[in-house]
1. When the residues of region 197-216 are filtered to those that are modelled with pLDDT of 95 or more and on the phi > 0 side of the Ramachandran plot, which remaining residue is farthest from the chain's Cα centre (by Cα)?
2. Please determine whether any residue of region 144-157 is within 26 Å of residue 197 (Cα to Cα) and either modelled with pLDDT under 95 or assigned to a strand (DSSP E or B) (or both).
3. What are the residues in region 213-269 that are in a helix (DSSP H, G or I), touching a residue at least 24 places away in the same chain (Cβ under 8 Å) and surrounded by fewer than 18 Cβ atoms within 10 Å (Cβ to Cβ), if any?
4. Would it be correct to say that residue 166 is surrounded by fewer than 17 Cβ atoms within 10 Å (Cβ to Cβ), in contact with a helix residue (DSSP H, G or I) (Cβ under 9 Å, 6 or more places away or on another chain) and closer than 30 Å to residue 62 by Cβ?
5. Give the residue that is surrounded by the fewest Cβ atoms within 10 Å (Cβ to Cβ), with candidates limited to residues of region 57-74 that are within 19 Å of residue 101 (Cα to Cα) and within 14 Å of the chain's Cα centre (by Cα).
6. From 58, 66, grab the single residue that is modelled with pLDDT of 95 or more, touching a helix residue (DSSP H, G or I) at 6+ places or on another chain (Cβ under 9 Å) and farther than 25 Å from residue 155 by Cα.
7. Can you spot a residue in region 72-84 that is touching a residue at least 60 places away in the same chain (Cβ under 8 Å), more than 21 Å from residue 37 (Cβ to Cβ) and assigned to a helix (DSSP H, G or I)?
8. Quick one: in region 110-132, of everything that is out of contact with any strand residue (DSSP E or B) (no Cβ under 8 Å at 6 or more places or on another chain) and buried (at least 24 other Cβ atoms within 10 Å of the Cβ), which residue is nearest to residue 99 (Cα to Cα)?
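The values are calculated or read from the model by the stated rules, or taken from the named source; none is laboratory data. Computed from a predicted model, the values in this text were never measured in an experiment. Please note: Cβ atoms are built from the backbone with ideal geometry, for glycine as well, and neighbour counts cover all protein chains shown.
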């Protein structure tokens with residue numbers, strides 16, 4: 001059963017990274033804009049340099065769909081990113097979470113309050129974790145995962161869920177946002193493709209830290225092996241841009257680069 005939010009080591013880590021970013025110890029290039037265009041109407045909002053990203057999709061009617069809300073302290077940075085686009089929290093009409101981890105859902109409750117929405121949308125298999133503010137289980141087949149599973153913390157403020165997402169559905173956002181259930185990092189982890197612009201949003205199925213694709217940290221997964229297996233679907237889909245919640249986007253030959261990573265990584269297993 002999901003447990004209530006309790007502050008722990010992951011919160012200290014997230015706060016440490018946030019503070020380093022604020023002091024520009026980890027901020028990367030200080031000229032990075034508050035929002036970076038990925039495709040027409042789609043923007044990456046860096047909330048800790050390139051380390052953690054949210055994504056904003058702008059509709060023709062002026063409304064915004066926000067994907068992921070960063071850590072608990074990220075909403076102020078997200079609001080700055082929206083302002084850079086000429087938007088405010090009042091323009092956000094939908095919040096979608098890729099999964100129930102504190103670096104993606106930590107700021108969700110605050111963004112729900114800021115936007116005036118009733119809650120967020122998340123896959124059915126992560127919905128109860130979001131509602132209770134608890135991270136999904138760790139992979140106890142890994143040594144660190146087993147250690148982390150016995151430690152308190154890793155949660156985030158409980159957030160209401162207004163709709164549960166399912167695999168394969170096409171959400172009416174900007175002409176069509178397709179949901180792909182890629183469990184393993186969490187039971188309800190999703191990746192998304194904005195079909196009109198051929199933009200992939202991997203979530204945490206694949207990281208691109210330091211512009212180098214890797215698997216997510218095994219200890220942070222519910223099932224590291226399942227993550228590796230379900231991420232293979234990302235090599236079969238069609239897209240021109242690959243956006244990551246951890247790391248910068250890939251624009252040139254994105255699908256080919258992701259497929260190459262998946263093939264190489266599979267051979268190493």
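1. Only one residue tops the list, namely 198.
2. Within region 144-157, the first condition is being within 26 Å of residue 197 (Cα to Cα), and the residues that meet it are none.
No, region 144-157 contains no residue that is within 26 Å of residue 197 (Cα to Cα) and either modelled with pLDDT under 95 or assigned to a strand (DSSP E or B) (or both).
3. Passing the criteria: 219, 225, 226, 229, 232, 233, 235, 257, 259, 263, 265, 266.
4. On the way: surrounded by fewer than 17 Cβ atoms within 10 Å (Cβ to Cβ): yes; in contact with a helix residue (DSSP H, G or I) (Cβ under 9 Å, 6 or more places away or on another chain): yes; closer than 30 Å to residue 62 by Cβ: yes.
Yes, satisfied.
5. First pass over region 57-74, keeping only residues within 19 Å of residue 101 (Cα to Cα): 66-74.
Next, only the ones that are within 14 Å of the chain's Cα centre (by Cα) stay: 66-72, 74.
Working: 66: 28, 67: 28, 68: 30, 69: 29, 70: 30, 71: 25, 72: 22, 74: 28.
Per the criteria, the residue is 72.
6. Working: 66 fails: farther than 25 Å from residue 155 by Cα.
Exactly one residue qualifies, and that residue is 58.
7. If we filter region 72-84 for residues that are touching a residue at least 60 places away in the same chain (Cβ under 8 Å), which is where we start, we get 72.
Right, trim to more than 21 Å from residue 37 (Cβ to Cβ) and you get 72.
When the remaining residues are screened for being assigned to a helix (DSSP H, G or I), the result is none.
Checked region 72-84: no residue is touching a residue at least 60 places away in the same chain (Cβ under 8 Å), more than 21 Å from residue 37 (Cβ to Cβ) and assigned to a helix (DSSP H, G or I).
8. 126
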